[in-house]
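Visitor: Have a look at this one.
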Amino acid sequence: MNYLYISQSHDPYLNVAIEKNLFDGFQDGMIIYFWINSPCIVIGRNQNPYKEINLEKAHEKGIKIVRRFSGGGAVYQDLGNLNYTIISRKNNLEEVLKIITDPLRQLGFATELSGRNDVMLEGKKVSGIAYLEDNGRFMYHGTLLIDTDLSLLEEVLTPSKLKIESKGISSVRERVKNLREKNKDFSSDSLIEAVKNNYLDLKDYKYNKEEVEKCHKIISSKEWIYGESPEFNIELNKIINGRETEIRLFVKNGLIEKAVIFSDSLDVSFSSKLSKNLIGKLFSEENVQREIEKL
């Protein structure tokens, strides 16, 4: 049996929770899932948000940070981006992806699959793909750039100039293209209708609401978003008591394990106090600044 689910929500945390529930409950056949998120940055399961994202700019713009369950790189999404998920037993990306690429070609887009699991149009990326495998079940999902704010995409996916040494997985950003640059009348509905026409046997899918609510609570928590970051070291430069101060932090599972403070301040007690107060805290620049202001 083949199923279709189209989310009516733009909440990225809810949409990722629904995706997880669809994958967990999948048995046989195929599930096609379409969803559109409000402005957010979605990072891979093993990525470090401090390395991949300009967090200050993202917070300033009200852009949510989301950690998904699959691997791959960081992507910016907004209402001009269509997410698609295909769940099946087939371990063949190119074959499965025809569910999306065939309708795109029918609509006049001569796309091709690159060696890096990207869908390309005229030499530029219009869709990036990640996947998750568990016990013979495969989930392939991607982002389709239709009318995304590409200037903001570039801005927020450029990390702030922090000296950072990460042991996580880095993403590679490539040149991208909106499909509306090729056809100004193209929309997410255009693709969804084309997919429906190619798969007339699609049945409506219903997810487990109770399980989705539980998952939504987990993945929208700071512990999941930041606490799942790989082990890394980071250096912050702050002005404390009118003096330049270098703060070196050693972070594991999102928590500060060790803090080393360097300063030429005459007050030697503040550095040991700050170091002590930072230990065990969930790392964020806001939390570090909060502890500085307590001195």
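The values are calculated or read from the model by the stated rules, or taken from the named source; none is laboratory data. Treat the numbers as computed from the prediction; the structure is a model and nothing was measured. Cβ coordinates were reconstructed from backbone atoms using ideal geometry, including for glycine residues, and neighbour counts include every protein chain displayed.
Visitor: Can you spot a residue in segment 132-143 that is touching a helix residue (DSSP H, G or I) at 6+ places or on another chain (Cβ under 6 Å) and assigned by TED's automatic domain parsing to the domain that holds Glu19?
Guide: Checking segment 132-143: at least one residue is touching a helix residue (DSSP H, G or I) at 6+ places or on another chain (Cβ under 6 Å) and assigned by TED's automatic domain parsing to the domain that holds Glu19.
Visitor: Turning to a different aspect of this structure: Within segment 69-84, which residues are surrounded by fewer than 22 Cβ atoms within 10 Å (Cβ to Cβ) and not aromatic (Phe, Trp, Tyr)?
Guide: Within segment 69-84, Ser70, Gly71, Gly73, Asp78, Leu79, Gly80 meet the criteria.
Visitor: Applying the selection to segment 200-212, what residues are surrounded by fewer than 17 Cβ atoms within 10 Å (Cβ to Cβ) and either modelled with pLDDT of 90 or more or not assigned by TED's automatic domain parsing to the domain that holds Tyr84 (or both)?
Guide: Of everything in segment 200-212, those that are surrounded by fewer than 17 Cβ atoms within 10 Å (Cβ to Cβ) and either modelled with pLDDT of 90 or more or not assigned by TED's automatic domain parsing to the domain that holds Tyr84 (or both) turn out to be Lys203, Asp204, Asn208, Lys209, Glu210, Glu211.
Visitor: May I ask you to list pairs of residues, at least six apart or on different chains, whose Cβ atoms are under 8 Å apart, with the first in segment 1-16 being β-branched (Val, Ile, Thr) and the second being part of a loop (DSSP other than H, G, I, E, B)?
Guide: That search, which allows pairs on different chains as well, returns Val16/Arg68; Val16/Phe69.
Visitor: Which of the residues spanning segment 1-58 are farther than 22 Å from Leu152 by Cβ and assigned to a loop (DSSP other than H, G, I, E, B)?
Guide: Once the filter is applied, which keeps residues that are farther than 22 Å from Leu152 by Cβ and assigned to a loop (DSSP other than H, G, I, E, B), segment 1-58 yields Met1, Ser7, Gln8, Phe26, Gln27, Asp28, Gly29, Arg45, Asn46.
Visitor: Considering every residue within segment 73-80, establish whether at least one is in a strand (DSSP E or B) and either farther than 30 Å from Asn91 by Cβ or of a type outside the set (Ser, Thr, Tyr) (or both).
Guide: Scanning segment 73-80, I find at least one residue that is in a strand (DSSP E or B) and either farther than 30 Å from Asn91 by Cβ or of a type outside the set (Ser, Thr, Tyr) (or both), so the answer is yes.
Visitor: For residues that are small (Gly, Ala, Ser) and more than 15 Å from Asp11 (Cβ to Cβ), scanning just segment 30-76, find the one that is farthest from the chain's Cα centre (by Cα).
Guide: Ala58
Visitor: Where residues in segment 189-212 are in a loop (DSSP other than H, G, I, E, B) and charged (D, E, K, R), which of them is nearest to the chain's Cα centre (by Cα)?
Guide: Among those residues, the one meeting the criterion is Lys206.
Visitor: Okay, next question. Got a sec? Which of Ile240, Ile192 is buried (at least 17 other Cβ atoms within 10 Å of the Cβ) and at pLDDT below 90?
Guide: From the options Ile240, Ile192, the qualifying one is Ile240.
One line per residue, one yes/no per condition, for (1) at pLDDT 95 or above; (2) more than 30 Å from Ala58 (Cβ to Cβ):
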residue: Gln77; (1), (2): yes, no
residue: Glu94; (1), (2): no, yes
residue: Leu97; (1), (2): no, no
residue: Gly108; (1), (2): yes, yes
residue: Asn117; (1), (2): no, no
residue: Phe138; (1), (2): yes, yes
residue: Ser151; (1), (2): no, no
residue: Thr158; (1), (2): no, no
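Visitor: Can I ask one more? Looking at Tyr33, is it crowded, with 22+ Cβ neighbours inside 10 Å, within 27 Å of Glu286 (Cβ to Cβ) and assigned by TED's automatic domain parsing to the domain that holds Arg89?
Guide: Spelling it out, it is not the case that Tyr33 is crowded, with 22+ Cβ neighbours inside 10 Å, within 27 Å of Glu286 (Cβ to Cβ) and assigned by TED's automatic domain parsing to the domain that holds Arg89.
Visitor: Still on this structure, please answer the following. Give all pairs with beta carbons closer than 6 Å in which a residue from segment 216-231 that is farther than 18 Å from Ala17 by Cβ meets a residue that is surrounded by fewer than 18 Cβ atoms within 10 Å (Cβ to Cβ) and not small (Gly, Ala, Ser); count only pairs at least 6 apart in sequence or on separate chains.
Guide: Every condition considered, the pairs that remain are Pro230/Lys167; Glu231/Lys167; Glu231/Lys252.
Visitor: Hey, another quick one. Any residue at all in segment 102-121 that's assigned by TED's automatic domain parsing to the domain that holds Tyr33, closer than 20 Å to Tyr205 by Cβ, in contact with a helix residue (DSSP H, G or I) (Cβ under 9 Å, 6 or more places away or on another chain) and in contact (Cβ under 8 Å) with a residue 60 or more places away in the chain?
Guide: Yes: segment 102-121 contains one or more residues that are assigned by TED's automatic domain parsing to the domain that holds Tyr33, closer than 20 Å to Tyr205 by Cβ, in contact with a helix residue (DSSP H, G or I) (Cβ under 9 Å, 6 or more places away or on another chain) and in contact (Cβ under 8 Å) with a residue 60 or more places away in the chain.
Visitor: Cβ-Cβ distance below 8 Å, separation of 6 or more or different chains: which pairs start in segment 50-64 with a residue that is of a type in the set (Lys, Arg) and end on one that is buried (at least 16 other Cβ atoms within 10 Å of the Cβ) and assigned to a helix (DSSP H, G or I)?
Guide: From segment 50-64, the pairs are Lys57/Val156; Lys61/Leu152; Lys61/Val156; Lys64/Pro12; Lys64/Tyr13.
Visitor: Out of all the residues in segment 246-265, which are in contact (Cβ under 8 Å) with a residue 24 or more places away in the chain and crowded, with 19+ Cβ neighbours inside 10 Å?
Guide: The answer is Ile247, Leu249, Val251, Gly254, Ile256.
Visitor: So, one more: Looking at segment 213-226, which of its residues are crowded, with 16+ Cβ neighbours inside 10 Å and outside any helix (DSSP H, G or I)?
Guide: Ser220, Tyr226
Visitor: Note down all Cβ pairs under 6 Å where the first residue falls in segment 84-100 and is touching a residue at least 12 places away in the same chain (Cβ under 8 Å), the second is surrounded by fewer than 18 Cβ atoms within 10 Å (Cβ to Cβ) and assigned to a strand (DSSP E or B), and they're at least six residues apart or on different chains.
Guide: That search, which allows pairs on different chains as well, returns Glu94/Leu113.
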